[in-house]
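Read through the structure below, which is laid out as structure tokens, and then see the notes.
The values are calculated or read from the model by the stated rules, or taken from the named source; none is laboratory data. Computed from a predicted structure; not experimentally measured. Here Cβ is always computed from backbone atoms with ideal geometry, including for glycine, and neighbour counts include all displayed protein chains.
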Amino acid sequence: MEIGDFRLEQLSEGIFEVSSAGSIRKIRNHQEKESASETVVRVGLDPVLIDTGSTAILLDAGLGMGLDNKEPEPDTSNIVTNLEIFGYRREDIGAVILSHLHYDHAAGLSFSDKAGQVSATLPNARIYVQKSEWEATLHSLHSQPTVQGMGYEPDDLYRLVANGRFVFLEKELQEIIKGITVIRTGGHTPGHQIVRIRKNSQTAYYCGDLIPNEYHLNRLVTTKIDTDFVKARKARMLLMQQAWRDKATLLFYHSVYRKAGMIVRDKNRGFVLKRG
Ligand SMILES: [Zn+2]
């Protein structure tokens, strides 16, 4: 996909099943039966790679399955294998913008090597996250999570923070690189942010978990895992209206089916993804 002269690729770590208890497992083939005893949701995991021509940027970093030295299934796809598919090395990535710090978006940032040492998966990347998101992550250590699901697992992030890899953002709107702007929305988590990519009057929005997939375009859908669902719903509406005005492409992280598209207004159903 192209936005102006930026090249965008949606990477894929595969399709996963999330159980109501919050565990996550990879589905090996699409026909695999759901386990009968529990409710599960199927999600994709699709970070975005942007090549601006002068640098390569990732939007979210995935789960990072298979990166650790002791990984039982080393042949699974992750950020490194995905980059290789598109001809990039992990050293090529100059920046990562994280929508938030839940582990399904951030765990791919680090891995443990043979000696059990935690290292950065992307050795040259600066990692952009909202300061309020990091504070919420720290706070989560001292409080029981109120909802189960894909929560925070900050342990491996400490080393990256200690090594000065993180850039903590404090403004609601901030341009990271010309044409690439983060917008803090909150809602899903206290410091959740989305990304606007705009070049030569073309626009795309990376929605993070504010609109994880097409299904969430429906204004009546709320998710139990939003920490502030009123705020999330409001931010979601604003994003859809703006994206509609901008004729922008929406990029989804958790889609099983359509991973991107423009939205149109439907008389009865509100905003829907444009067909074709
Ligand atoms: Zn997520």
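Pairs are defined by a Cβ separation below 8 Å, a sequence spacing of at least 6 or placement on different chains, a first member in segment 53-66 that is under 11 Å from I177 (Cβ atoms), and a second member that is among the small types (G, A, S) and outside any loop (DSSP other than H, G, I, E, B); the pairs so defined are T55/G94; T55/A95; A56/G94; I57/G94; I57/A95. Taking segment 93-111 as the range and being of a type in the set (S, T, Y) and either out of contact with any Leu (no Cβ under 7 Å at 6 or more places or on another chain) or within 15 Å of the ligand (Cβ to nearest atom) (or both) as the test, the residues that pass are S99, Y103.
Pairs meeting the criteria (first residue in segment 163-179 and closer than 17 Å to D60 by Cα, second residue assigned to a loop (DSSP other than H, G, I, E, B) and among the basic types (K, R), beta carbons under 9 Å, at least 6 apart or on different chains) are lacking. Could you check segment 244-253 and list, in sequence order, the residues that are without any contact (Cβ under 8 Å) to a residue 60 or more places away in the chain and surrounded by 16 or more Cβ atoms within 10 Å (Cβ to Cβ)? Once the filter is applied, which keeps residues that are without any contact (Cβ under 8 Å) to a residue 60 or more places away in the chain and surrounded by 16 or more Cβ atoms within 10 Å (Cβ to Cβ), segment 244-253 yields D246, A248, L250. Scanning segment 137-148 turns up one or more residues that are small (G, A, S), within 16 Å of the ligand (Cβ to nearest atom) and over 18 Å from the mean Cα position of the chain (by Cα). Restricting attention to segment 213-239, the residues that are within 21 Å of G44 (Cβ to Cβ) and in a helix (DSSP H, G or I) add up to 7.
Conditions tested, residue by residue: (1) within 15 Å of the ligand (Cβ to nearest atom); (2) among the β-branched types (V, I, T); (3) within 23 Å of I57 (Cα to Cα); (4) surrounded by fewer than 21 Cβ atoms within 10 Å (Cβ to Cβ).
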site	(1), (2), (3), (4)
A204	no, no, yes, no
D209	yes, no, yes, no
N218	no, no, no, yes
T223	yes, yes, no, yes
K231	no, no, no, yes
A235	no, no, no, no
Q242	no, no, no, yes
S255	yes, no, yes, no
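Among the residues of segment 257-272, none is identified as within 16 Å of the ligand (Cβ to nearest atom) and among the acidic types (D, E). Scanning segment 127-172 for residues that are exposed (fewer than 12 other Cβ atoms within 10 Å of the Cβ), part of a loop (DSSP other than H, G, I, E, B) and at pLDDT 80 or above turns up N163, G164, E170, K171. Determine, yes or no, whether I194 is more than 16 Å from the ligand (Cβ to nearest atom), under 18 Å from I57 (Cα atoms) and buried (at least 19 other Cβ atoms within 10 Å of the Cβ). Answer is no for this residue.
The set of residues in segment 176-188 being assigned to a strand (DSSP E or B) and more than 18 Å from the chain's Cα centre (by Cα) consists of I177 alone. When each of V264, V272, V256 is tested for being within 16 Å of Q10 (Cα to Cα) and touching a strand residue (DSSP E or B) at 6+ places or on another chain (Cβ under 9 Å), the lone residue that passes is V256.
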